[in-house]
Amino acid sequence: MFCMDDLKIAGALLFVGGVQFVLGMIVAEALYSGYSISGNYISDLGVGPSAFVFNSSVFVFGLMMMIGAFFIQRGLKRAMITTLFVLVAVGAMGVGVFTEHVQSIHTVAALMAFLFGGLSAIAAHRISRPPMRYFCVATGTLGLLSLVFFGFQEFLGLGHGGMERMITYPVVLWSIGFGGYLMALQERTTLEKVEQL
């Protein structure tokens, strides 16, 4: 049985997780003197003077995604979507716990966050209505294409840091938008439509 309250809670968690991560990135970049958006990796923020802000922010993003996945599963019973959300959450939390100093684990965690973040956004189109459905696919695809370019070290003039942001930001912005979408679902007009997807 569809539970509107579960989806609204999930939406609030995704929204808060995404917003606090964007703000955390801004603060972390400001704290890190000489930091270059194009020339530094995002995870460099996790080992410098901005370490506490960045690591806690990315961990909270993953935690909010994890708890949000629980409420989406409880509300919609969509195991595939729930699994993808959990995997991106584990990756994000892993990035916050295992910094660049633990290179092997950090790399795996970052790859999980990048890959499953894009796949989560695309999969979410199955529980969305237009135009949100199209935004899910577009942001997820952009993140995954950017991951491919990054893997082949084709940075398109953005530098490795800029291309890494083209992987990360579409997913984070999707989580904010999708969170708002879930919070705004209307009890009577949208409920039946979502259940039929």
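With neighbours defined as other Cβ atoms within 10 Å of a residue's Cβ, the residues 99, 107 order from fewest to most as 107, 99. Mind checking the angle between helix 159-183 and the chain's longest principal axis? C-alpha axes, 0 to 90 degrees, to the nearest 10. Compared with the principal axis, the helix lies near 20 degrees. Could you pull out which residues in the range 101-136 have an amide N less than 11 Å from a spot 7 Å beyond the Cα of residue 184, following the Cα-Cβ vector? The answer is 131-132, whose backbone nitrogens lie closer than 11 Å to the label point. Subtracting the Cα-Cα distance of residue 107 and residue 31 from 0.36 nm times their residue separation leaves 25.0 nm of extension gain.
For 134, 32, 181, the sequence from fewest to most other C-beta atoms within 10 Å is 134, 32, 181. Measuring how big the chain is from its alpha-carbon positions, Rg and Dmax come out at 16.6, 53 Å.
Values in this text are rule-based calculations from the coordinates and carry no lab data. Fair warning: this is a prediction, and the values are worked out from it, not measured in the lab. As a convention, Cβ positions derive from the backbone with ideal geometry for all residues, glycine included, and neighbour counts pool all protein chains shown.
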